[in-house]
Amino acid sequence: MTLEKPMPDKYNPHELEPKWQKYWQEIGLLRAAEGSGKKSYILVMFPYPSGDLHMGHLKNYTMGDVLARFRTQQGYSVLHPFGWDAFGLPAENAALKFGVSPADWTFGNIQQSKESLALMGIQYDWSREVTTCTPEYYKWNQWIFLKMYERGLAYRKKSYVNWDPVEQSVLANEQVIDGRGWRSGALVEKRELEQWYLKITDYAERLLQDLDKLPRWPEKVKAMQRAWIGKSTGAEFDFPVKGHEAKIRVFSTRPDTIFGATFMVLAPEHELVPTITTPEQKEAVEAYVAAARMKSEVERQREDREKTGVFTGAYAINPANGKEIPVWIADYVLAGYGTGAIMAVPGQDGRDWEFAERFGLEIVRTVEPPAGWQGQAYTEDGPAINSGFLDGLYVEEAKKKVIAWMEEKGIGQGKVNYRLRDWLISRQRYWGTPIPMIHCEACGIVPVPYEELPVVLPTLKDVEDIRPKGKSPLAAHPEFYEVDCPRCGRAARRDTDTMDTFIDSSWYFLRYTDAQNQQLPFDPQRANFWMPVDQYIGGVEHAILHLLYSRFFTKFLHDIGMLEAEEPFEGLFTQGMVQGWTDVGPVEVKDDQIRFLTPERRAKLDLPETLSVEEAKKSGAELRTHEDGSLHFWKPATMSKSLGNGVMVGPFVREQGADIARITILFAAPPENEMIWTEEGVQGAWRYLNRVWRRVAEDRAELERTSDRFESTALEGADKTLYQKLHQTLKKVGEDIEALRFNTAVAALMEFLNALYDYRKENGVSPVYRSAIRHYLQMLAPFAPHIAEELWHWFHDSSVFEARWPAVDEEALVADAFELVVQVSGKVRGKATVPAQASEDEIRRIAREIPNVQAHLEGKQVVKEIYVPGKLLNIVVKG
RNA sequence: GCCGGGAUGGCGGAAUCGGUAGACGCACUCGACUCAAAAUCGAGCGGUUAGCAGCCAUGGGGGUUCGAGUCCCCCUCCCGGCACCA
């Protein structure tokens with residue numbers, strides 16, 4: 001198709017697309033302006049600037065662009081901004097690899113990415129572009145950090161932290177997945193370090209509660225956040241240790257089972273371990289503690305983890321019944337959660353049961369299991385037994401009573417615990433925001449005064465200077481860290497760590513509302529106009545990290561009076577990935593078994609070394625013969641640079657066209673599903689847009705001559721049908737876009753195009769037809785803006801996006817006839833077209849005239865009839 | 001194990017206030033146009049049937065209902081997340 005000569009009036013995307021892209025720049029389409037009317041803030045997750053983009057990157061941006069254009073047509077003030085999450089490791093790694101500075105590398109990539117976006121016709125308000133690695137942006141990271149410090153929400157703490165040996169830096173809990181660094185994949189080690197934390201735990205309850213105020217968030221994401229926050233309600237109370245002053249404090253969600261606490265378990269790191277361990281047990285305990293410390297997170301979380309532990313020799317007193325119970329240490333109790341110590345109730349807890357069995361400890365049931373209970377620990381509800389004053393009470397009642405008893409006796413109280421930990425934000429890396437703090441020997445920690453912000457990240461001349469060495473690279477640069485103490489004036493030292501780059505993305509959506517502000521991160525008034533974000537679109541991989549941190553920052557900024565909104569994102573949409581056909585490598589087939597000849601891609605895609613032809617087929621894979629005669633294994637896989645299966649934006653748009661790419665993406669599958677980019681899908685999009693083009697181009701002259709004025713109530717026949725279908729489509733497309741059902745919106749457009757062809761075949765160009773074409777272009781515009789703008793300009797002088805989205809004529813939707821479905825005993829036996837105003841009696845008569853219905857009524861007795869007006873008649877028979 | 005989401009033609013998917021299952025597209029088949037091909041246009045396209053009628057059909061089993069892809073119960077499988085959090 002690319003070989004054809006361009007003819008006048010032939011759909012030629014390469015010619016018309018650049019023209020309209022330039023035009024939109026000129027007219028300032030999607031330049032955001034605060035107004036007085038309704039607003040719409042459409043946001044896509046900003047990317048790490050990685051250079052050339054492929055269709056996988058472009059899916060969200062295309063979706064956001066459709067929405068932003070649609071809202072513009074509807075007359076909203078629209079904010080559709082873009083920016084770059086530009087700090088972080090890839091820039092450092094690239095610098096080390098190619099010897100360019102991280103800044104040059106980053107800005108080079110930004111330039112390339114921008115070109116891809118422009119080629120797709122995606123319109124942003126570039127005057128609000130945000131790049132997080134610029135001092136103009138990260139100055140405000142430092143400002144917010146100081147505000148948090150003032151409120152006691154930023155603090156320094158020495159603790160065992162997650163150390164990523166590849167990144168040579170610490171990580172936050174959220175960035176450790178299955179015991180590995182989220183980016184490097186390296187096994188995380190534990191190191192005791194003093195670091196900066198943000199007190200997100202102060203917001204745990206609000207972060208949890210307010211999830212209920214987000215109906216337009218996916219249930220999946222809310223569930224993940226709830227689990228991460230991990231609220232549990234119970235009690236915290238003390239067990240005295242025999243022969244010691246010290247008491248062991250425990251947290252339990254089941255204080256009602258206290259009578260069944262037959263032993264206690266401390267985490268190996270628990271501070272009382274050295275104190276209470278008896279001389280006889282000292283050696284064993286110390287060996288166990290040392291071993292536990294050596295174990296990596298992954299080893300401790302192994303699936304088949306068998307319970308291990310050591311007796312300390314000490315005994316505690318169960319405050320409920322005065323029994324002496326042994327105190328053990330074991331690594332199934334975590335130091336970082338609750339108090340790092342538990343009362344073990346094997347009768348009601350599976351883990352404690354397992355431990356008790358293994359070490360021969362006593363088991364006492366305190367909740368009566370149902371009759372015939374064969375299991376081990378019983379964790380469900382039931383009446384209390386062996387529990388003194390709690391006997392007979394069910395779990396909830398028993399909890400209340402025992403907590404009251406504890407409070408009265410002064411040994412404990414009700415308590416809520418969260419799994420969420422404070423956010424560790426120090427990083428020992430170069431390419432990030434310097435932490436605006438000064439360490440003074442005399443004054444201690446002194447914040448950099450606001451007027452001295454930003455603390456500028458120095459440009460390091462030698463690439464070797466930025467190589468991670470286990471300490472911040474900035475610590476090797478006295479010209480950076482040597483500073484006078486702002487308080488006492490004596491020589492002091494700057495903090496040389498940088499901030500976690502997730503700080504940058506925790507508030508960037510606020511900077512867009514006022515990107516040029518020199519006095520503040522943003523002007524509250526402007527932010528209040530735009531916030532909250534009406535529709536946020538991005539990948540589900542940020543369900544916890546970025547989305548939780550952003551909610552935290554928003555709440556904090558609300559609390560200090562910067563913002564009315566308490567939640568940043570009103571609507572959240574997590575889009576599915578784009579897959580491309582991928583050559584996994586050469587294979588040989590023997591006895592129906594496929595064996596891979598090269599391991600790299602097979603391993604990357606998690607495929608087994610051999611699989612049967614049938615299994616391969618089932619999984620959607622194909623075997624293709626290459627030119628050299630070898631057999632290769634192909635399957636769809638998420639587009640990525642490393643697999644080389646990405647369809648690159650630049651070449652595709654230059655060869656085929658942006659609108660074709662957009663329709664391909666939007667129509668192929670529901671946006672939340674993964675989609676497979678195929679040549680056939682592209683063909684379909686091309687065919688569709690050509691059909692649109694021809695429908696308008698073939699009648700161009702006549703359409704130009706025809707007025708589209710007509711009296712809608714006076715229409716008849718084909719005109720009336722077309723008019724009705726138009727308004728049905730308008731309604732459907734509008735609703736579908738708002739619900740982000742782009743695939744069905746495009747389907748409705750295709751359907752209506754078929755109707756336009758049908759009409760035109762039988763009828764001439766009429767006012768109704770002309771009006772339908774005009775509205776068709778308006779509906780097409782958000783999806784395929786270039787072709788729509790081109791065809792629109794054949795009949796109009798201004799942009800299609802300046803024309804208001806047409807109102808649905810509700811009266812036109814009311815048909816004057818409908819197709820009656822006639823069922824006999826619930827099965828469809830016939831259909832008839834009947835006038836809308838037909839009475840029920842008439843309907844019954846008409847239904848009985850249908851021969852096939854008669855046949856099915858023959859010799860049967862009518863029991864009852866159900867009539868659904870405008871739809872169906874069901875005649876129920878007996879015999 | 002727990003939590004969230006799914007299972008509909010050869011394929012992507014429509015249809016969920018219970019009311020014609022398979023919109024729209026892809027692939028495929030036949031026909032028209034053409035010297036020919038591409039493009040385009042027309043017809044067909046769940047199974048069974050020569051075709052109609054009929055019957056079967058939305059992962060499986062049961063139920064509610066005049067009527068179930070849609071609601072309820074049980075089960076299987078798939079995807080995603082969490083996983084010794086007391």
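The table below lists the values:
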quantity: Selection from the range A:476-529 of residues that are among the hydrophobic types (A, V, I, L, M, F, W, C), touching a residue at least 12 places away in the same chain (Cβ under 8 Å) and touching a strand residue (DSSP E or B) at 6+ places or on another chain (Cβ under 9 Å); calculated: A:Phe480, A:Val483, A:Cys485, A:Cys488, A:Ala492, A:Met499, A:Phe502, A:Ile503, A:Phe509, A:Ala515, A:Phe529
quantity: Candidate set: the range A:396-417, residues that are crowded, with 18+ Cβ neighbours inside 10 Å and not β-branched (Val, Ile, Thr); chosen: the one nearest to RNA strand B (Cβ to nearest atom); calculated: A:Asn417
quantity: Strands (runs of 3 or more DSSP E) contained in the range A:468-573 and holding at least 2 residues over 24 Å from A:Gly88 (Cβ atoms); calculated: A:482-484, A:491-494
quantity: Residue count, the range A:11-53 (criterion: at pLDDT below 95, loosely packed, with under 15 Cβ neighbours inside 10 Å and under 13 Å from A:Ala118 (Cα atoms)); calculated: 0
quantity: Of the criteria (1) over 25 Å from A:Arg31 (Cα atoms); (2) open to solvent by 10 Å² or more (accessible area, probe 1.4 Å); (3) touching a residue at least 60 places away in the same chain (Cβ under 8 Å), which one A:Leu753 fails; calculated: (2)
quantity: Selection status of A:Ala685, more than 10 Å from RNA strand B (Cβ to nearest atom) and at pLDDT 95 or above; calculated: no
quantity: Enumeration of residues in the range A:863-879 that are open to solvent by 70 Å² or more (accessible area, probe 1.4 Å) and either small (Gly, Ala, Ser) or more than 9 Å from RNA strand B (Cβ to nearest atom) (or both); calculated: A:Pro869, A:Lys878, A:Gly879
quantity: Any hit, the range A:304-318, residues being within 11 Å of RNA strand B (Cβ to nearest atom), farther than 30 Å from A:Glu397 by Cα, within 43 Å of the chain's Cα centre (by Cα) and of a type in the set (Asp, Glu); calculated: yes
quantity: Residue match in the range A:379-389 (condition: more than 15 Å from RNA strand B (Cβ to nearest atom) and assigned to a helix (DSSP H, G or I)); calculated: yes
quantity: Checklist (1) touching a helix residue (DSSP H, G or I) at 6+ places or on another chain (Cβ under 7 Å); (2) of a type in the set (D, E, K, R); (3) open to solvent by less than 60 Å² (accessible area, probe 1.4 Å); (4) more than 13 Å from RNA strand B (Cβ to nearest atom) applied to A:Glu174, failing item; calculated: (4)
quantity: A:Val853 surrounded by 16 or more Cβ atoms within 10 Å (Cβ to Cβ) and within 10 Å of RNA strand B (Cβ to nearest atom); calculated: yes
quantity: When residues of the range A:327-345 are limited to those that are open to solvent by less than 20 Å² (accessible area, probe 1.4 Å) and outside any loop (DSSP other than H, G, I, E, B), the one farthest from RNA strand B (Cβ to nearest atom); calculated: A:Val327
quantity: Top-ranked residue of the range A:358-378 - restricted to ones that are of a type outside the set (Lys, Arg), part of a loop (DSSP other than H, G, I, E, B) and touching a residue at least 40 places away in the same chain (Cβ under 8 Å), ranked as surrounded by the fewest Cβ atoms within 10 Å (Cβ to Cβ); calculated: A:Glu362
quantity: Filtered residues of the range A:5-64 (kept if part of a strand (DSSP E or B) and among the small types (Gly, Ala, Ser)); calculated: A:Ser40
quantity: Number of the exception - A:Gly717 against (1) on the phi > 0 side of the Ramachandran plot; (2) buried (at least 20 other Cβ atoms within 10 Å of the Cβ); calculated: (2)
quantity: Residue in the range A:689-711 that is within 8 Å of RNA strand B (Cβ to nearest atom), open to solvent by less than 60 Å² (accessible area, probe 1.4 Å) and either over 43 Å from the mean Cα position of the chain (by Cα) or under 17 Å from A:Ile787 (Cβ atoms) (or both) present; calculated: yes
quantity: Pick from the range A:408-463, criterion within 38 Å of the chain's Cα centre (by Cα) and assigned to a helix (DSSP H, G or I), ranking: farthest from A:Thr201 (Cα to Cα); calculated: A:Val463
quantity: Residue in the range A:154-165 that is surrounded by 19 or more Cβ atoms within 10 Å (Cβ to Cβ) and either at pLDDT 95 or above or outside any strand (DSSP E or B) (or both) present; calculated: yes
quantity: The one condition in (1) among the β-branched types (Val, Ile, Thr); (2) at pLDDT 95 or above; (3) open to solvent by 10 Å² or more (accessible area, probe 1.4 Å); (4) not in a helix (DSSP H, G or I) that A:Ile122 fails to fulfil; calculated: (3)
quantity: Counted residues, the range A:515-542 - those being open to solvent by 10 Å² or more (accessible area, probe 1.4 Å) and either of a type in the set (Gly, Ala, Ser) or more than 21 Å from A:Gln575 (Cα to Cα) (or both); calculated: 13
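Conditions (1) crowded, with 22+ Cβ neighbours inside 10 Å; (2) in contact with a strand residue (DSSP E or B) (Cβ under 7 Å, 6 or more places away or on another chain); (3) in a loop (DSSP other than H, G, I, E, B), marked per residue:
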| position | (1), (2), (3) |
| --- | --- |
| A:Phe87 | yes, no, yes |
| A:Ala91 | yes, no, no |
| A:Leu96 | no, no, no |
| A:Ala103 | no, no, no |
| A:Glu136 | no, no, no |
| A:Lys139 | no, no, no |
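Per-residue answers, yes or no, for (1) more than 28 Å from A:Gly340 (Cβ to Cβ); (2) within 11 Å of RNA strand B (Cβ to nearest atom); (3) part of a loop (DSSP other than H, G, I, E, B); (4) touching a Gly at 6+ places or on another chain (Cβ under 7 Å):
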{"site": "A:Asp212", "(1), (2), (3), (4)": "yes, no, no, no"}
{"site": "A:Val221", "(1), (2), (3), (4)": "yes, yes, no, no"}
{"site": "A:Met224", "(1), (2), (3), (4)": "no, yes, no, no"}
{"site": "A:Ala227", "(1), (2), (3), (4)": "no, yes, no, no"}
{"site": "A:Ala235", "(1), (2), (3), (4)": "no, yes, no, yes"}
{"site": "A:His244", "(1), (2), (3), (4)": "no, no, yes, no"}
{"site": "A:Phe251", "(1), (2), (3), (4)": "no, yes, no, yes"}
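Conditions tested, residue by residue: (1) modelled with pLDDT under 95; (2) farther than 21 Å from A:Met63 by Cβ; (3) of a type in the set (S, T, N, Q).
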| position | (1), (2), (3) |
| --- | --- |
| A:Asp495 | no, yes, no |
| A:Ser505 | no, no, yes |
| A:Ala515 | no, yes, no |
| A:Gln519 | no, yes, yes |
| A:Gln525 | no, yes, yes |
| A:Arg551 | no, yes, no |
| A:Ala565 | no, yes, no |
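Rundown of residues vs (1) more than 9 Å from RNA strand B (Cβ to nearest atom); (2) surrounded by 11 or more Cβ atoms within 10 Å (Cβ to Cβ); (3) within 46 Å of the chain's Cα centre (by Cα); (4) at pLDDT 85 or above, yes/no style:
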site	(1), (2), (3), (4)
A:Trp792	yes, yes, yes, yes
A:Pro806	yes, yes, yes, yes
A:Ser825	no, yes, no, yes
A:Val834	yes, yes, no, yes
A:Ile846	yes, yes, no, yes
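To keep it simple, each residue is scored yes or no on (1) without any contact (Cβ under 8 Å) to a residue 12 or more places away in the chain; (2) open to solvent by less than 30 Å² (accessible area, probe 1.4 Å); (3) among the aliphatic types (A, V, I, L, M).
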site: A:Pro608; (1), (2), (3): yes, no, no
site: A:Ser612; (1), (2), (3): no, yes, no
site: A:Lys617; (1), (2), (3): yes, no, no
site: A:Glu622; (1), (2), (3): no, no, no
site: A:His632; (1), (2), (3): no, yes, no
site: A:Gly646; (1), (2), (3): no, yes, no
site: A:Glu655; (1), (2), (3): no, no, no
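The values are calculated or read from the model by the stated rules, or taken from the named source; none is laboratory data. Predicted, not measured: the structure shown is a model, and the values here were computed from it. Note: ideal-geometry Cβ built from the backbone for every residue, glycine included; neighbour counts use all protein chains shown. What goes into the accessible areas is simple: the full protein's heavy atoms, side chains included, and nothing from ligands, DNA or RNA. Shrake-Rupley method; radii C 1.70, N 1.55, O 1.52, S 1.80 Å.
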